[in-house]
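What follows draws every value from the coordinates through simple rules; no lab data is involved. Please read all numbers here as calculations on a predicted model, not as lab measurements. Cβ atoms come from the backbone with ideal geometry, glycine included; neighbour counts cover every protein chain shown.
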Amino acid sequence: SARWAKAMEIFNEFEKKCETPIERLNLVADAMLDEMNAGLASENGNQLKMLISYVDNLPTGDEHGLFYALDLGGTNFRVLRVQLGGKEGRVLKQESTEVSIPPQLMIGTSEELFDFIAEALAKFVATESEGFHVSPGRHRELGFTFSFPVKQTSIASGSLIRWTKGFSIDDAVGQDVVAQLTKSMEKKGVDMRVGALVNDTIGTLAGGRYANKDVVAAVILGTGTNAAYVERVSAIPKWKGPLPKSEEMVINMEWGNFRSSHLPLTEYDHQLDIESLNVGEQIFEKKISGMYLGDIVRRVLLKMAEEAAFFGDTVPPKLSVPFVLRTPVMSAMHHDTSPDLKIVGSKLKEILGISNTTLRTRKIVVDLCNIVATRGARLSAAGILGILKKIGRDTVNEAQKQNTVIAMDGGLYEHYTEFRECLKSTIKELLGEEVAETILIELANDGSGLGATLLAASHSQYI
Ligand code: ADP
Ligand code: MG
């Protein structure tokens, strides 16, 4: 029918615009590399902030004592405590709890947000059980994982550059987040000192290194996306401080803000961007991370419904609601292996109010999920290649057959199997079999919280 032909026209055009042939991915990786160098050279005006973390030493295994961590940066925040027992005991005991952030607090005032967090922390501290000991005469210490772009001023202070991932609290921008947290903790009677302010990528890198000494970079693919890696200080022209003993510095790339003319751009990406809370920012993130993938699919389906009556004579009203189609639902549809695509059918009904879909229609929905996930996974692989090039791990070093491990975290990578497998196979495709064998991606399940406690331990006021 004419309607179907029109729908296919929209579909085919989208598919074509999303193509990521290997040559294009190499251009993306090279552009990433160039932007990394630009961000390391100077402080201002670069899309990649390449933030200096003040972490010049990663965990060794010697860390001892009771430490807390607070992980804020997604839809949930986590509070964690660990009792560390050094090289012998390692993690002696660990407890955590997760609290979801009421949506109105994500767009309210900074005081409300930090008070809410401090209160949850107070409740958690009150449940400290046997096996956890603060050393006599000490205060409790906390590693704060705050996964938004921050300009650090020391290991335990830094001001918020801007919000991402749906947070938008104007009065917090430019403020020291540790000072705000500390004020709220005092108000709520939490006796704790913030020993390290990090980001989830830095936390994941630290936790990853604790588990495996070959870890040199960390990537997050969750609601948002970001990466961090270990750089030589001599390669950071903008660093004006003293040369650390390690001669290394962990860099928080804030790669979500990467953009390049080599990134595939469709009208749906453009529309998603201009309707977002952070127009023109986080362009890479808007193509690859969990917050957005489902919404790109929704936008294509909406256009097909509006212009080709893809779901019948009326446009299903729910299809116009931003973010109704979440990435976990997209992933469930994409992984549907039943012959009649039963899961696709029920999700379309349940989430979008579209009933009685034909198999042919359902297949197109799966194909759309595949296009969007594949593009995201392949672009993520290109970003990783950029980092490997930067640290000279994109070729085999014959002299020292070293492994390169990337600590990976985030619900998108963890749960979206097609996405994860595509990312891995694209790394192989980009590097070739021989090099790819030396590159390992390790899922560091919630390593960032542990990493933050480890960094609080190694930056304790008592050592
Ligand atoms: P955050 O990034 O908020 O810290 P996570 O790392 O747990 O939290 O990632 C959560 C994100 O992962 C969700 O926003 C969603 O986009 C994605 N996600 C979670 N489960 C799935 C799934 N089953 N399939 C695809 N994506 C998922
Ligand atoms: Mg997270």
query = What 222 nm value per residue comes from the helices of the chain, counting each DSSP H run with n ≥ 4 as -39,500 (n - 2.57) and dividing by all residues, nearest 500 deg cm²/dmol?
reply = -13500 deg cm²/dmol
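Test of understanding: express the Cα radius of gyration of region 235-294 as a ratio to 2.2 N^0.38 Å, with N the residue count. Present the calculation step by step, with values, prior to reporting the outcome.
Numbers: Rg = 16.5 Å, N = 60, 2.2 N^0.38 = 10.4 Å.
With N residues counted in region 235-294, Rg over 2.2 N^0.38 Å equals 1.58.
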inquiry  = Within 13 Å, Cβ to Cβ, of residue 263, how many net charges do the neighbouring residues add up to if Lys/Arg are +1 and Asp/Glu are -1?
reply    = +1
message = Please give me the summed charge of the neighbours of residue 19: other residues whose Cβ is under 10 Å from its Cβ, Lys and Arg +1, Asp and Glu -1.
response = +4
request  = Starting from the eigenvalues of the Cα gyration tensor, five times each then square-rooted, give me the equivalent ellipsoid semi-axes of region 54-198, largest first, whole Å.
outcome  = 26, 17, 13
key: Built amide H within the under 5 Å cut-off of residue 91, gap 5+   = 85
remark   = Diffing region 145-150: the Karplus 3J(HN,Hα) column from phi (6.51, -1.76, 1.60, θ = phi - 60°), in whole Hz with x for Gly and Pro, holds 8, 10, 9, 9, x, 10
ask   = How far is the Cα center of region 127-152 from the Cα center of region 11-44, in Å?
value = 38
message = Restricting to lysines 8 or more places apart or on different chains, can you count the pairs in region 54-198 with Cα atoms under 22 Å from each other?
response = 6
query = Per-residue HN-Hα couplings for region 438-445, Karplus 6.51 cos²θ - 1.76 cosθ + 1.60 at θ = phi - 60°, whole Hz, x for Gly and Pro?
reply = 8, 9, 10, 10, 10, 6, 9, 4
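Two decimals is fine: what's Rg over Rh for region 1-96, C-alpha atoms, Kirkwood radius as Rh?
Radius of gyration over Kirkwood radius for region 1-96 works out to 1.25.
How would you rank 29-42, 334-347, highest first, on the average number of other Cβ atoms within 10 Å across their residues?
Details: 29-42: 18.6, 334-347: 16.4.
Averaged packing, sorted descending, gives the order 29-42, 334-347.
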query = What is the spin-label model distance, in nm, from residue 97 to residue 126 if the labels are put 7 Å beyond Cα along the C-beta direction?
reply = 0.8
query = Between residue 265 and residue 13, how many nm apart are label points set 7 Å from Cα along the C-beta direction?
reply = 1.7
ask   = In terms of the ratio Rg/(2.2 N^0.38 Å) built on C-alpha atoms, what value belongs to the chain?
value = 1.01
Reciprocal of mean inverse Cα separation for region 190-300 (Kirkwood radius, Å) = 16.3
query = In whole angstrom, how long is each semi-axis of the equivalent ellipsoid of region 203-253, when you take the square root of 5 times every eigenvalue of its Cα gyration tensor and sort them from largest down?
reply = 22, 15, 7
key: Student exercise, the chain dipole from Lys, Arg, Asp, Glu Cβ charges, in Debye to nearest 20   = 300
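Work out which helices of the chain, taken as complete DSSP H runs, extend at least 24 Å along their axis over the Cα atoms and score a mean Kyte-Doolittle of -0.5 or more, then list them. All intermediate terms of the calculation are to be shown ahead of the outcome.
Details: long enough: 22-41 (29 Å, 0.45); 290-308 (28 Å, 0.33); 359-390 (46 Å, 0.60).
Once both thresholds are applied, what remains is 22-41, 290-308, 359-390.
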